[in-house]
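Comments concern the structure below.
Each reported figure results from applying straightforward, stated rules to the coordinates on display, with no laboratory input. Quick caveat: nothing in here was measured; it's all calculated off a predicted structure. Heads up, the Cβs are rebuilt from the backbone with ideal geometry, glycines too, and the neighbour counts pull from every protein chain shown.
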Amino acid sequence: MTTSGNPKIERRGLLLVLSSPSGAGKTSLSRSLLDADPEITLSVSATTRKPRPGEVDGRDYWFVDEAKFKAMIAAEELLEWATVFGNYYGTPRAPIERAIAEGRDVLFDIDWQGTQQLAERMAGDLVRVFVLPPSAEMLETRLRTRAQDPDQVVARRMAEASSEISHWAEYDYVIINQDLEASSAALHAILAAERLRRDRMTGLSAFVRGLQASLK
């Protein structure tokens, strides 16, 4: 993989996790990053949730029934999994491990439960970012503006938000998402810095040795 402004140096990929209470804007931030950066792809989760209008199996999620999901857990085919609002969500192990080994970055839009499980299994590859709303009022407004959920679901998500936000200190970075453009710039900066970490650049030693040899 290449890093902008630098020679091509092989590196190990990273797992960039975005978490937030529902409605804080992590999905918009994810889309902005994916549109702007071809070197990162979105992890496709398996879920027992029913598809929403416009969602495509294999692109947005792998939609499976509960029996299949439980079989994947038993076979240790998931890096992480959790139940959220009565549905199962989880990350298939094989494609993620392959991407990391090949030096490709993977973006995760998951909650704190999934992040904790990823940290247990792939801590050295993990970069954790928590997205906060600027206020409770703004969070409720965003939830209602989405027009996807009935009032009782919005109320339930608001009630859960405080519990979810209590895990903010488990993350490496925190973005208060008042302005999407500014928050997107902050996320790009985090990713750029993490890609330059010396311990991720597996080809750096060979590059330095070659550089030193050419200076003699």
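Laid out as a table, the results:
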read-out: Angle in degrees between helix 180-195 and the longest Cα principal axis of the chain, rounded to the nearest 10; value: 40 degrees
read-out: Using alpha-carbon coordinates, inclination of helix 151-165 to the longest axis of the chain, degrees; value: 40 degrees
read-out: Spin-label model distance (nm) - Ala94 vs Asp199, 7 Å beyond Cα toward Cβ; value: 3.0 nm
read-out: Gain upon complete extension [Met158, Tyr173; 0.36 nm per residue less C-alpha separation]; value: 3.1 nm
read-out: Cut-off 16 Å (backbone N to label point 7 Å along Cα→Cβ of Lys8), residues of region 67-109; value: 102-104
read-out: The chain: angle of helix 204-215 to the longest principal axis, Cα-based, in degrees nearest 10; value: 30 degrees
read-out: Region 61-127 shape via C-alpha gyration tensor axes, a/c threshold 1.5; value: prolate
read-out: 19 Å cut-off, amide nitrogen to a point 7 angstrom out along Ala206 Cα→Cβ, residues in region 78-111; value: 99-105
read-out: Antiparallel DSSP beta bridges within the chain, as percent of all bridges there, nearest 5; value: 30 percent
read-out: Candidate values (1) 9, 38, 40, 13, 0; (2) 7, 31, 35, 18, 6, 2, 0, 0; (3) 7, 30, 31, 19, 10, 2, 0, label of the one derived for P(r) over Cα pairs in 10 Å bins from 0, in percent; value: (2)
read-out: Top of Arg197, Arg11, Arg144 by mean-square fluctuation, Gaussian network on the chain, Cα under 10 Å; value: Arg197
read-out: The chain - mean residue ellipticity at 222 nm from DSSP helices (-39,500 (n - 2.57) per run, n ≥ 4, rounded to 500); value: -13000 deg cm²/dmol
read-out: Calculated FRET value between Asp35 and Lys70, using beta carbons and R₀ = 30 Å, to 0.05; value: 0.30
read-out: Region 108-216: relative contact order in percent, alpha carbon pairs under 8 Å with at least 6 residues between; value: 30 percent
read-out: Relative contact order of the chain, pairs being alpha-carbon contacts under 8 Å that are 6 or more residues apart, as %; value: 32 percent
